[in-house]
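As structure tokens, the structure follows; a few thoughts come after it.
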Amino acid sequence: MARKWLRIKGVLTGALTLCALSGPVPVAFARDFTAPADANAQGVGTVALAQLPREAVKTLNLIAAGGPYPYEKDGIVFGNRERLLPAHRRGYYHEYTVPTPRARNRGALRIVCGGPLQRTDNCYYSDDHYTSFNRIVE
């Protein structure tokens, strides 16, 4: 998502440069086109629990049970550095690995849950290693 905004900003900057060289630029087009951090959080989609891969459902069940988790890093604090999820204090989100079939490493599938540990009513699924998220709904 950030790359998309950078690309759009680059195209618009180029267009504005051409307009500036050919005459006055309308004020409406002179503003900064970077996306505010909160706009990304609102762009999170949803995914039904029934649409998740079997491995993701198993991971949600492990989260609700408190483990044991197959990966050492499961349950660590997720920093939300990408600012794709709604803003909360540090420590609110925790990340969990969804095993990827045939992968030799942790793969790119993750579930991030907000709130107290073992709570699964505020979880997000990412199938592209935090590039995008979908809120898991019943």
- Assuming R0 = 22 Å, what is the FRET efficiency of residue 46 and residue 120, from their Cβ-Cβ distance, to the nearest 0.05? 0.90
- Amide H neighbours of residue 133 under 5 Å, at least 5 residues apart or on other chains, H built in the peptide plane: list them. 45
- Item | Sorted by Cβ neighbour density within 10 Å, fewest at the top, the residues 138, 95, 72, 55 | 138, 72, 55, 95
- Message: If you average the C-alpha positions of segment 110-138 and of segment 71-90 separately, how far apart do those two centres end up, in angstrom?
- Response: 10 Å
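No lab work stands behind these numbers, since they all come straight from the coordinates. Note that the structure is predicted; figures quoted are calculated from it, not measured. When we count neighbours, we look across all protein chains shown, and the Cβ atoms used for this are built from the backbone with ideal geometry, even at glycine.
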